[in-house]
Amino acid sequence: MAYGHEVTDRPVATTLLGEAVVVWRTANGCAHAMRDLCIHRGTALSLGWVADDCLVCPYHAWRYDATGACVRIPQSAHTSIPAKARTPVYQCQERYGLIWVCLTDEAPAYALPEIPELESTDWKVVHTGPFDWQSDASRQVENFTDFGHFPWVHPGLLGDPDRPIVPDHAVDIRDHVLHYTIVRPEAPNSDDFPVFANAVTERPDRRSRYELHLPYTIVLRLGWGGTKGMVYFFASHPQKANRCRGYCVIGRNYDCDDPDSTLQAFERVIFGQDQRIVESQRPEQVPFDLADELHLRFDAVAVAYRRAMRTQQLG
Ligand code: FES
Ligand SMILES: [Fe+2]
């Protein structure tokens, strides 16, 4: 996957589950994804360029169209193009500012979450990151859902060390989605990053409604009891073993004229604080056997995540 705005008139290289993938656009704006490998000599097509709705290999300029077929071999004027001259194409769709790729030929196992706020003109949407971590996507996702660390890893920004108790919360697992809600202590809005809409009080609370869509996607809706709201859409892209990239798309229905850079800088700090912790975790992938690690009552989400990943045969 990639942020859509990163894919302009040049191809972009990415890696998904260890596969090299090139993402590019035809002139009608449609995004395409294919194996990032030229059948001729194995060159990365992402080093090439786009011409006449084809992706051109940088080595000998063979051209591939959006179906993956090689349609032009400049070196051979008279021989026809062999049927083998093609590269596999992958399913691809663009939504919420992200280009999503599915490597299999079958329909994607799960539909994308529905997030009407991110498609509404009443909400301001900001793309933050992406955040490249040397960890498994499961650890990056679990960190995003973890309540116990806020006062300690993000004091003054997301949590208050004087109020470390995690309120009880129940997790409802429906198919591949975990649903849970929590009202938890929050740090007062900071002067450096005035991004939240909590009331001016010494001890603000945050209402958070989560959907964790297995395996690596989260929709978090935040509020403070009034009409102001935020939605966080987080997807951890599993690049390869112990490498992931987090995309965090944030919508809000207030302060719509604020520059994107404020939220982007805020999330850079938050994700940076988390990164050094998560990259130190061993094993790098969440151990899905509940007998591993130690779970207490306030870790209800982590326990449910492990159970559901096992049930869905994802972990
Ligand atoms: S390696 Fe791609 S055209 Fe030769
Ligand atoms: Fe965190």
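Each reported figure results from applying straightforward, stated rules to the coordinates on display, with no laboratory input. Since the structure is predicted, the reported quantities are computational estimates derived from the model, not experimental observations. Ideal geometry is used to build each Cβ from the backbone, glycine not excepted, and the neighbour counts take in all protein chains shown.
Before moving on, here are some points about what is shown:
- Given charges at Cβ of Lys, Arg, Asp, Glu: the chain dipole, positive-most of 3, 22, 129: 22
- Straight Cα distances below 18 angstrom link residue 240 to the aspartates and glutamates 19, 36, 132, 136, 142, 279, 284, with same-chain residues fewer than 8 positions distant left out.
- Using a cutoff of 8 angstrom between alpha carbon atoms and counting only pairs six or more residues apart, the relative contact order for the chain works out to 16 percent.
- With respect to the chain, whose longest principal axis is taken over its alpha-carbon atoms, helix 300-311 is tilted by about 30°.
- Disulfide-incompatible cysteines by the Cβ rule (no partner under 4.7 Å) in the chain: 30, 54, 70, 92, 102, 244, 248, 256
- D_trans [Stokes-Einstein, Kirkwood Rh over alpha-carbon pairs] for the chain, 25 °C, 0.890 mPa s, µm² s⁻¹: 115
- Shape of the stretch 2-102, Cα gyration tensor, a/c cut at 1.5: prolate
- Note on the chain: with a GNM built from Cα contacts shorter than 10 Å, the maximum mean-square fluctuation among 159, 129, 42 falls on 42.
- Against the chain, whose longest principal axis comes from its Cα atoms, helix 260-278 is set at around 80 degrees.
- Cross-link partners of residue 124 among lysines (Cα-Cα below 23 Å; sequence separation of 8 or more within a chain): 228
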